[in-house]
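Presented below is the structure to which this report refers.
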Amino acid sequence: MSVKMNLTRAQFDEVMVPNYAPSPVIPVRGQGSRVWDQQDKEYVDFAGGIAVTCLGHCHPALVGALKEQGEKLWHLSNVMTNEPALALATKLVNATFAEKVYFANSGAEANEAALKLARRYAVDNYGPEKDEIIAFDKAFHGRTFFTVSVGGQAAYSDGFGPKPQAITHIPYNDIDALEATVSEKTCAIMLEPLQGEGGIINGDPAFLRKVRELADKYNALVVFDEVQSGMGRTGDLYAYMGTDIVPDILTTAKALGGGFPIAAMLTTTEIASHFKVGTHGSTYGGNPLACAIGNAVMDIVNTPEVLDGVKRREQLFRDGLNSINDKYHVFSQVRGKGLLLGGVLNEKYQGRSRDFLLAAIDNGLMVLVAGANVLRFAPSLIIPEEDIAEGMARLEKAIAQIVEA
Ligand SMILES: *Cc1c(COP(=O)(O)O)cnc(C)c1O
């Protein structure tokens, strides 16, 4: 900054809307899977900015793409298309089931587009009565009013006045509830193939197959929210590729820009045709700067080297967590897939995930929580093995502090 200001955490409470409770330290720079704060204290990053910085901090290819495009063309609006957007859309289409791409800037916006498209598709094809969206308890789809309403956490959706209607929530992985709920009125079933914010809960293969089967039977669309599980996180480019089913609409964000805001909704040509000129849009969506970076991320992540590396690192994480647990007995289970893992706190530590997060920060480690009972790990997909080892050593110290307190 050109004007020297003495910026502190205390100022957050003075000048920011109090909808977050950020931790006491303020990081100022990062490199790979290490981050440094204002006092130059170093942290190992097992959080990845909530599954976003998939190639770590300041990856040279991403910095290069940012600088190159930054000196060429930042923004046009969708009155004109641009080369980085065309290139990234082509890569996404070539790599997935999808034939068409809509760009947005955040996960919530991609999901908002998906929900509106699913409703429009049903109205156009089957009439206005086919409007029901089936969604799942504990699901997280973003913070716009439609997406929090489809999400399964009342704390995020209630208290804002009348909600979007015709949304039914049922328990995740519950085949009986699904069979009892899907009907001719259902226009879409929306889910995360691996629930993230809800506590790192793997979609059961039989449940996912039933979702597809019932959606087909009742002419409903399957919408996969892969905002967190996508872009290599599970060891497949998209988590659906590791399941037996293919969705009709898929949303991707978080890691797609490796730290630069970008999101996309992917679908088939037939479904996409129900968004006509003017039906939906975004000022920044498909912005050349964001797409240039998305291209660089895609080129690196969608390679056997990185995707196989995720599976190798998953094993290192599981081994590390299990060996800490053998000593300290804090987790009842480690679940998730690839580098989206959750250590489920056992009975004795219920409700205390944030204490573990803060103890980790004290010991130079950034981790995440997923609710009050799960410690979440979503590091860079290319985190060096020595950083995993060092992070595990710091985690062990943090856990020892809590267990021995
Ligand atoms: C983070 C997340 C979102 C919301 O993304 P934003 O970019 O914060 O709008 C939506 N769905 C899932 C599964 C997420 O993890």
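Any read-out appearing in this document is the output of simple, stated calculations on the displayed coordinates, not a laboratory observation. These numbers come from a predicted model, not from an experiment. Methodologically, a virtual Cβ is constructed for each residue, glycine included, from the backbone with ideal geometry; neighbour enumeration extends over all protein chains shown.
Structure above, values below:
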{"read-out": "Whole-Å distance, taken between Cα centres, linking the stretch 1-61 and the stretch 91-144", "value": "32"}
{"read-out": "Potential lengthening between THR268 and LYS163 on full extension [0.36 nm per residue; Cα-Cα distance subtracted]", "value": "34.9 nm"}
{"read-out": "Estimated inter-spin distance, MET16 and VAL79, nm [label 7 Å along Cα→Cβ]", "value": "3.6"}
{"read-out": "Distance-filtered residues of the stretch 120-159 - backbone nitrogen under 17 Å, label point 7 angstrom along GLN350 Cα→Cβ", "value": "none"}
{"read-out": "Taking the C-alpha atoms of the chain, convex hull volume expressed per residue in Å³", "value": "155"}
{"read-out": "Under-5 Å amide H pairs with ILE170, H placed in peptide plane, nonlocal only", "value": "ALA135, PHE136, ASP137"}
{"read-out": "Selection from GLY281, LEU73, SER229, by position along the positive dipole direction of the stretch 73-301 (Cβ)", "value": "LEU73"}
{"read-out": "Rg ratio (alpha-carbon, reference 2.2 N^0.38 Å) - the stretch 249-361", "value": "1.50"}
{"read-out": "Inter-site label distance for ASN219 and ARG29 at 7 Å from Cα along Cβ, in nm", "value": "6.1"}
{"read-out": "Electrostatic dipole magnitude of the stretch 73-301 [Cβ: Lys, Arg +1; Asp, Glu -1; Cα centre; debye, to 20]", "value": "480"}
{"read-out": "Residue-wise HN-Hα coupling along the stretch 203-214, computed from phi with Karplus coefficients 6.51, -1.76, 1.60 (Hz; x: Gly, Pro)", "value": "x, 6, x, 5, 5, 5, 4, 5, 4, 5, 4, 6"}
{"read-out": "Pairwise FRET efficiency - GLU404 versus THR303, Cβ, R0 = 35 Å, nearest 0.05", "value": "0.20"}
{"read-out": "When each of LYS210/LYS254; LYS138/LYS311; LYS163/LYS337; LYS130/LYS163 is checked by Cα-Cα distance, pairs over 30 Å", "value": "LYS163/LYS337"}
{"read-out": "Share, in percent, of DSSP beta bridges within the chain that are antiparallel, nearest 5", "value": "65"}
{"read-out": "Only Lys, Arg (+1) and Asp, Glu (-1) charged, at Cβ; the chain dipole about Cα centre in debye", "value": "460"}
{"read-out": "Antiparallel bridges, percent of DSSP beta bridges restricted to the stretch 73-301 (to nearest 5)", "value": "45"}
